[in-house]
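The values are calculated or read from the model by the stated rules, or taken from the named source; none is laboratory data. Please read all numbers here as calculations on a predicted model, not as lab measurements. We place every Cβ from the backbone using ideal geometry, glycine too, and count neighbours over all the protein chains shown. The protein model used for the area step is the full one, side chains on, heavy atoms only, and it has no ligands, DNA or RNA in it. Shrake-Rupley method; radii C 1.70, N 1.55, O 1.52, S 1.80 Å.
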Amino acid sequence: MTVSSEIKSSARRAAPRRVFLKNYGCQMNVYDGARMLESLTPLGYQRTEDAESADLVILMSCHIRAKAAEKIYSDLGRIRQKKKEGSLVALAGCVAQAEGAESLRRAPVLDIVLGPQSLHKLPQILRRREREGIAETSIETALAADAKFRSLPPRGRASVSAFLTVQEGCDRFCSFCVVPYTRGAEFSRPVMDIIKEAEILALKGAKEIILLGQNVNAYRGRGFKRGEGLWSLARLIKRLAHIPEIRRIRYTTSHPSDMKEDLIRAHQEEEKLMPFLHLPAQSGSERILKAMNRRHDADFYWRIVKRLREARPDIALSSDFIVGFPGETEEDFQKTLALAERVSFAQAYSFKYSPRPGTPAASLDNQIPEETKQERLTRLRLLLDAQQRRFNESFVGRHLPVLLTGAGGGGGRGGGGGREGQIAAKSPYGQSVYLEKEGDSRHLAPGRVSDALITEGYAHALRGRAA
Ligand code: SAH
Ligand code: SF4
Ligand code: F3S
């Protein structure tokens, strides 16, 4: 290399570049987004919150419902008008996977289209574009999750509550869902890789780890030794609990049919496993669950709830529900309300059924009118909101060990961002807790677990005092 070219290339390396990233969709996208940003650090990219001054704009897209997918295109339209001259625009995540080259027709502004299992290719694409002056759009939609995990650099940062993807993809093919097509087949990361990543996170300050997977309780990962068989999620959790700095472990999202005995028992035996479980039921009607291809009925769900509560009486349960699935009658919907009444959820999400291209349910001819979906959603939400409020209010006057997340604590429900004079924390049951600052609060540093007296319970959070 000549002296002048060396100076030029180091100047190029040193030039600060800005990357803007917006997340849509689930926690897997949050995890992927964070890792993608880390992979850009060696190229000199720093994160900015301002899309208009960014050299690279990345949208981590979600394809789960029509609304989520449409939002991407309206945002891309806005970005096209306001973006900095010469900047690059990348569509990443599940819309990129589902639509591939088709997304270019709707958004010609795109320079890069990257499916969820191709995120690790971004640095290489950027280098090549720069080196070779490529102008056409780069499209990467291969579906090999193991290549992604093997190629990403080690974790560079950790929040107090940190996500760690252990499983990707889904083989269950519920008739309404795009995930098996956008994330591909189920893949479990090897135990060794997960432990290494958890140890790095612990070293960088994580106190709580949230194990992620589209179907996380179907985890079956390669262990250390040849011939020892595949590890279950329960076994993985118990091993991760040996890391001293990790005080709390959670996992999401689980399928009722994969809720195995050893995992239920882990809720009784493993102190670090938090008493909270997101276990989507989708519907309470046997007929609808069958049409959804869920392969369980409401009774099976209820039996799992009972076993979980026997193992861990205080476990808080959360669910997802879909209303207005094709053919859903008022009687079917009543069964959904009945299941929710019976279980009494600590928290739950509910959605109107959204027909998704390429999924079997979208071509059923007994689609439900929008007004009926809306009306059922309103009724279900009324019940679920009342349950959540009741659950939160039940803690008033009680003491809870809360994990202090501090501003920007991150990591799922209730991470970070207390108001002025408050400290953000998270309860064992996943609730956001805001602690009043009183006198000297130096001992209330993020990362600590503190005893809190709960003084108020709201619809979506608790308020308390450090005791
Ligand atoms: N793997 C998880 C969740 C995947 S998607 C599971 O099996 O539960 C998250 C939630 O989005 C689902 O639980 C479901 O309630 C909802 N969802 C998925 N597809 C949908 C669709 N077509 N319309 C409405 N809601 C949908
Ligand atoms: Fe979708 Fe069903 Fe797989 Fe969940 S289990 S990701 S709802 S196909
Ligand atoms: Fe959305 Fe993909 Fe997650 S479709 S919900 S971002 S797996």
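Any residue that is touching a helix residue (DSSP H, G or I) at 6+ places or on another chain (Cβ under 6 Å) and not acidic (D, E) - is there at least one of those in region 366-377? Within region 366-377, one or more residues are touching a helix residue (DSSP H, G or I) at 6+ places or on another chain (Cβ under 6 Å) and not acidic (D, E).
Keeping to region 149-203, report how many residues are of a type in the set (S, T, N, Q) and open to solvent by less than 20 Å² (accessible area, probe 1.4 Å). Total satisfying the criteria: 5.
As a summary of the residue check, K71 satisfies the conditions (1) part of a loop (DSSP other than H, G, I, E, B); (2) basic (K, R); (3) at pLDDT 90 or above except for the one numbered (1). If you scan region 277-307, which residues turn out to be outside any loop (DSSP other than H, G, I, E, B), open to solvent by 30 Å² or more (accessible area, probe 1.4 Å) and not acidic (D, E)? Selection gives R287, K290, A291, F300, W302, R303, K306, R307.
Every condition in (1) within 16 Å of ligand 3 (Cβ to nearest atom); (2) in contact with a strand residue (DSSP E or B) (Cβ under 6 Å, 6 or more places away or on another chain) holds for A281 except the one numbered (1). Restricted to region 147-167, and to residues there that are in contact with a Ser or Thr (Cβ under 8 Å, 6 or more places away or on another chain) and part of a strand (DSSP E or B), the residue that is nearest to I194 (Cα to Cα) is Q167. Of everything in region 19-47 that is in contact with a helix residue (DSSP H, G or I) (Cβ under 8 Å, 6 or more places away or on another chain) and hydrophobic (A, V, I, L, M, F, W, C), the residue that is farthest from F351 (Cα to Cα) is L43. Just one of the numbered conditions (1) open to solvent by less than 70 Å² (accessible area, probe 1.4 Å); (2) at pLDDT 95 or above is not true of S9: (2). Remark: R389 falls outside the filter, which requires a residue to be within 15 Å of ligand 1 (Cβ to nearest atom), open to solvent by 20 Å² or more (accessible area, probe 1.4 Å) and in a helix (DSSP H, G or I). The set of residues in region 385-400 being free of Cβ contacts under 8 Å to residues at least 60 places away in the same chain and in contact with a Phe, Trp or Tyr (Cβ under 7 Å, 6 or more places away or on another chain) consists of Q387 alone.
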